[in-house]
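Below is one structure, written out as structure tokens, with a few remarks after it.
The values are calculated or read from the model by the stated rules, or taken from the named source; none is laboratory data. Because the structure is predicted, anything quoted here is derived from the model rather than measured. Glycine gets a Cβ as well: all are built from the backbone with ideal geometry, and neighbour counts include every protein chain shown.
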Amino acid sequence: MAVGDRLQGYSGRVREILKESGVEIGDEIEVEVRDETYRGILMARYELADPNYIVIKLPNGYNVGIRVEGEVKVKRIASAKKPRFIPPPKPKFKEGLPKVTIMSTGGTIASRIDYRTGGVRPALTAEDLLSIVPELSNIAEIDAKILFSIFSEDMTPELWNRMAIEVDRLIKDGVDGVIIAHGTDTMGYSAAALSFALQKPPIPIVFVGAQRSSDRPSSDAATNLIAATRVAGHAPFAEVCVVMHAWHSDDLLAVHRGTRVRKLHTSSRDAFRSVNSPPIAYVKDGKIKLNSENLNKRGSREYRFEPGFSSKAALVKFYPGMDADILEFLVEKGVRGIVLEGTGLGHVSTRIIPTIKKLHDDGIFFGMTSQCIFGRVNMRVYDTGRDLLKAGVIALDDMLPETAYVKLSWCLARARNLEEVEELMLKPIAGELGERSMPSMEVKLE
Amino acid sequence: MKIDYQSIGLKVGLEIHRQLDTRCKLFCECPTEFVDGGREIRFVRWLREAQSELGEVDPAAIFEARKRRKIVYHADTLNTCLVEMDEEPPHDLNREAVEVGLVTALLMNAKPVDEIHVMRKIVIDGSNTTGFQRTCVIALGGEIIVDGKKIPIQTITIEEDAARIIERKPHEIHYDLRRLGIPLIEISTAPVINSPREAYRVAYAIGRLLRATGKVKRGIGTVRQDLNISIRDGALIEIKGVQELDLLPKVVELEVIRQLHLLKIRDELKKRGVTEQMISEEPIKDVTEIFKKTRSRILRRKIDSGGRVLALRLRKFGGLLGLEAAPGIRLGAEFAGRARAWSEVEGIFHTDELPGYGITEAEVRRLKDFMEAGELDAVIIVADEKSKAEDALQRVKERAIEALRGVPSETRAARSDGTTIYLRPRPGAARMYPETDIPPYPISREYLEELKRRLPPTLDEVAESLSRKYGLSKQIANELIDLEKVELFERIVSETGVKPRVAASILAEHMKSLKREGFNVELVGDSDLFEISKLIAGGEIAKEAAPEIIKWLSKNPGKSVRDALDALNLRPVDMSEVEKKIDELIKRYKSMIEENPRKASSVIMGELMKIYRGRIDGGKLYQMVRERIHGQGGGS
């Protein structure tokens, strides 16, 4: 519930009536309208809905909307009861558990419900989190902190940088693992960003989120968080990774490499998939099962902190009929490099190629990825591809478009000229480029 | 036992749940009729209740939380989608279901709400993949008149049906997701019902009213009745899941007997001077030694797998545990029900029922000696893992203390014999919060006016018009309605030209009486009944043949009416052959005809009926014989 507004969601005449009656959300009220009397607790109003209704919770727990028309009398019966939540006692940790810090960036990984008003309050302190997911205290010694309170779609390269700086500080403080609780929409981008900024870290840096919000009993938040804590505290590898459900089932979780993961479903628990590369590990029955040999080991001494992201990178998806002016416009707005999401093996309309060539000649970076998502680009097969190469476009192999965009933002922040950007973009840094392409599994019909 | 329900202050309220026969589920486009042949996937979930901001403790929620289990869902891809799997937000509230709710509300003079708000009601036993049931109030108030008495309706709600349990193991529970999300309507009456018979009458009346909407499902599993029952000095008991309407009076009666029995025991315990302290002070003791060599199979199994036998003495409870007011209604059963539900123990016995279950007299004697139990005392034993057994006996203690106060308020589950078993404590104020994925749903005045204009007739009105239109008795018209054959009846009459009374007696009387005789008449399809009527209308078979054909078809599923005619030798007869036969008989009985024509024709009819029963209408045959005889007579 928005802080401060005691008549949240109400507007117009209804708001005036409620205001004049001196009632606020959570009060027990009586509403007299059209010869009917309703009694219940005043609830917040859904903002997108018709403003001419008062919503109350009836004594049996159900909400109903009352249409306000003609003469209406609203009376307060009793004032709102303040939630009298008593914070749980500080959790006791077992001796010798690894230290894991959970950083929250927004959203709610755990929450409490006020059944009176339907309000959902996030649990953000370590104590609160542990009282809701007590299993954590058997896995690691948990510390929790709030980094940002934003929607994941509001993330920016500047915030990736602050996130990286914070994690670097935790690494230097000697924690054994870091968990970043993140909204799922752009979690893949942030995971890629930290993969480039924190190279070969000595500890796991684990992103985790939830596809079902934490106020519902079926939320995947707790299961994901428990597995993430296990990976952060106990994994033998130290990778920037994403831990989420591997399938619809709560009993199998996948650990994806930060540069290889993409959200591929809008709502399902198994939305996150590794693309062009298998997950690096799975978590089942409380055990971590490795699925890759090529992993950076916990305690790595090759750690390099490389912060800095530029906001001058762009990601442009090509579509049939696209106008080349769009690219010009971006450059006019200060963009210095563009990752194209082309069709198939890496193509855009031949009509756009002259513009790309001109901009490239002016020092703008162009990299090609594929909107096919799966597979690698190859621009030598068809004429268009060859023409694009000639115009100066760099084929970005099997890099995910989003990862390529994040990497470009990172490159632009450190390379001194176009040649350096082009060179750096093709240099493998955090597992974002792969050499071998693997087949998909055979379909078997009965 | 004859009970004066008035004087004991019986009050019953009903909650009738009925599946709606809508095209699709309440929040997705999956069908509400099961489709076969889909691929099944299974997935595992765990549920945890989001904590309440108020920090309050709900007894029912604690009960479920203690039993946190691995939940395995079976999802059939033709009947379930990502919505039932809780992998996709709900789609819009099903308009068709809302309309059925509103029509029901209008038929009951209830007041539809101005705006529907879908709520989440926390249910963490796994029956809903989300951990809550989506439910919404459609209307408030209203009433129905049953046998001249006004029964107030409290709420009319629409909610999603739950998943069906397939298998329950100690730490794992399996659910089939096909049923999840089918719309249910719930009608709650005020607690004004005063007798078992009245409970039946009210439920029946609500059922008929719902059927008038033409949008409710029928058959086993489509209706569930919950009751709340109280008597003076007793307690409010919720009874869940009575599936058969006919069982309702028995459930009410047995619950009254149970409560009266518990009150009687309370008085007896008082008389014996039992106090709360006497119970709470009793220690729980380990008596495994006594049963080390027992031949009781259940004790043996528990001891062999590392379990212990624990015992609790209950002073002055002797004889009261086994005292039976009606089959299954004993204090001992109450104790066992409580212990089983909370602690999931299997082997629980009390000395009133021992020796027995393979436990010998010698063992009982040693047990009583060890527990220092006197003549009037009882001993309860539980065999299981030590912590479980201990917990179970703690529950027994609590329940024994409650016995001193009379009837504990609780939620019980109905069994198919009308008895009930402890299910869980009664929930506190419902834990509900708004379903934010679904916007409020306004009900405009114009829409309500339109619904009022096209309100379906009640079934009484339907019966009235049927009997008027077709000259049927009120009773047979009602039977057609109850059997849901009205539509078929009207189609048969208009398309085959068979007499309405004949069609009605085939569809209602014959089907009903054959069913009573044990024939599987459900196997006889509407198209078969149509065909039979058509043959009767065309004079190809006699109406008397109908029951025989129905019997044959019910025993030979998959066969056609034509097959039945062949098998029963009911193929239409060649009329010239019949005439020839009549002439033959007339010749044979010539002298009798001359002496006594009336007797002769009846003898000839008898002979003919042996051959043609069911194949030619008797009246028609008699007519032919008469004509032939007259013709003969005229000629001589």
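Could you tell me which of the residues A:Arg212, A:Arg269 is part of a loop (DSSP other than H, G, I, E, B), within 14 Å of chain B (Cβ to nearest Cβ) and touching a strand residue (DSSP E or B) at 6+ places or on another chain (Cβ under 6 Å)?
Testing whether each residue is part of a loop (DSSP other than H, G, I, E, B), within 14 Å of chain B (Cβ to nearest Cβ) and touching a strand residue (DSSP E or B) at 6+ places or on another chain (Cβ under 6 Å) leaves just A:Arg269.
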ask   = Do we have any residue at all in segment A:160-170 that's farther than 24 Å from A:Leu194 by Cβ and of a type in the set (Gly, Ala, Ser)?
value = no
message = For segment A:193-204, check the following and say yes or no: at least one residue is touching a Leu at 6+ places or on another chain (Cβ under 8 Å) and either in contact (Cβ under 8 Å) with a residue 40 or more places away in the chain or within 14 Å of another protein chain (Cβ to nearest Cβ) (or both).
response = no
task = Looking for whichever is surrounded by fewer than 23 Cβ atoms within 10 Å (Cβ to Cβ) and at pLDDT 95 or above here; the options are A:Arg436, A:Arg414. Which one fits?
result = A:Arg414
query = Among the residues of segment A:152-160, is any assigned by TED's automatic domain parsing to the domain that holds A:Leu129, part of a helix (DSSP H, G or I), touching a helix residue (DSSP H, G or I) at 6+ places or on another chain (Cβ under 6 Å) and among the aliphatic types (A, V, I, L, M)?
reply = no
ask   = Looking only at segment B:113-130, which residues are more than 7 Å from every other protein chain (Cβ to nearest Cβ) and either surrounded by fewer than 22 Cβ atoms within 10 Å (Cβ to Cβ) or within 15 Å of A:Arg216 (Cβ to Cβ) (or both)?
value = B:Val118, B:Arg120, B:Lys121, B:Val123, B:Asp125, B:Gly126, B:Ser127, B:Asn128
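Residue-wise test of (1) of a type outside the set (Lys, Arg); (2) under 15 Å from A:Ile280 (Cβ atoms); (3) in contact with a Leu (Cβ under 9 Å, 6 or more places away or on another chain); (4) free of Cβ contacts under 8 Å to residues at least 40 places away in the same chain.
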position	(1), (2), (3), (4)
A:Ser213	yes, no, no, no
A:Ile226	yes, no, yes, no
A:Ala238	yes, yes, yes, no
A:Cys241	yes, yes, no, no
A:His245	yes, no, yes, yes
A:Asp250	yes, no, no, yes
A:Gly258	yes, yes, yes, no
remark   = Pairing a residue in segment B:512-526 that is within 20 Å of B:Ser560 (Cα to Cα) and of a type in the set (Phe, Trp, Tyr) with any residue that is part of a loop (DSSP other than H, G, I, E, B) and modelled with pLDDT of 90 or more, where Cβ atoms lie under 8 Å and the two sit 6 or more apart in sequence or on different chains, gives none
remark   = Note on segment A:314-337: residues small (Gly, Ala, Ser) and either in contact with a Gly (Cβ under 9 Å, 6 or more places away or on another chain) or on the phi > 0 side of the Ramachandran plot (or both) are A:Ala314, A:Gly321, A:Gly334, A:Gly337
ask   = Restricting the search to segment B:369-396, which residues are without any contact (Cβ under 8 Å) to a residue 40 or more places away in the chain and within 17 Å of B:Lys292 (Cβ to Cβ)?
value = B:Asp369
ask   = In segment B:405-455, what residues are more than 14 Å from chain A (Cβ to nearest Cβ), assigned to a loop (DSSP other than H, G, I, E, B), within 30 Å of B:Glu253 (Cβ to Cβ) and not polar (S, T, N, Q)?
value = B:Gly406, B:Val407, B:Pro408, B:Arg415, B:Asp417, B:Gly418, B:Arg426
remark   = When restricted to B:Lys250, B:Lys217, B:Lys270, B:Lys240, the only residue touching an Asp or Glu at 6+ places or on another chain (Cβ under 6 Å), closer than 21 Å to B:Ala333 by Cα and touching a residue at least 24 places away in the same chain (Cβ under 8 Å) is B:Lys240
remark   = Filtering segment B:131-152 down to residues that are surrounded by fewer than 22 Cβ atoms within 10 Å (Cβ to Cβ), aliphatic (A, V, I, L, M) and away from chain A (no Cβ under 11 Å) yields B:Ile144, B:Ile145, B:Val146
task = Return a yes/no flag: does segment B:424-436 have any residue that is over 20 Å from B:Arg338 (Cβ atoms) and touching a His at 6+ places or on another chain (Cβ under 9 Å).
result = yes
ask   = Looking at segment B:85-97, is at least one residue within 19 Å of B:Gln19 (Cβ to Cβ), within 14 Å of chain A (Cβ to nearest Cβ), out of contact with any His (no Cβ under 8 Å at 6 or more places or on another chain) and not in a loop (DSSP other than H, G, I, E, B)?
value = no
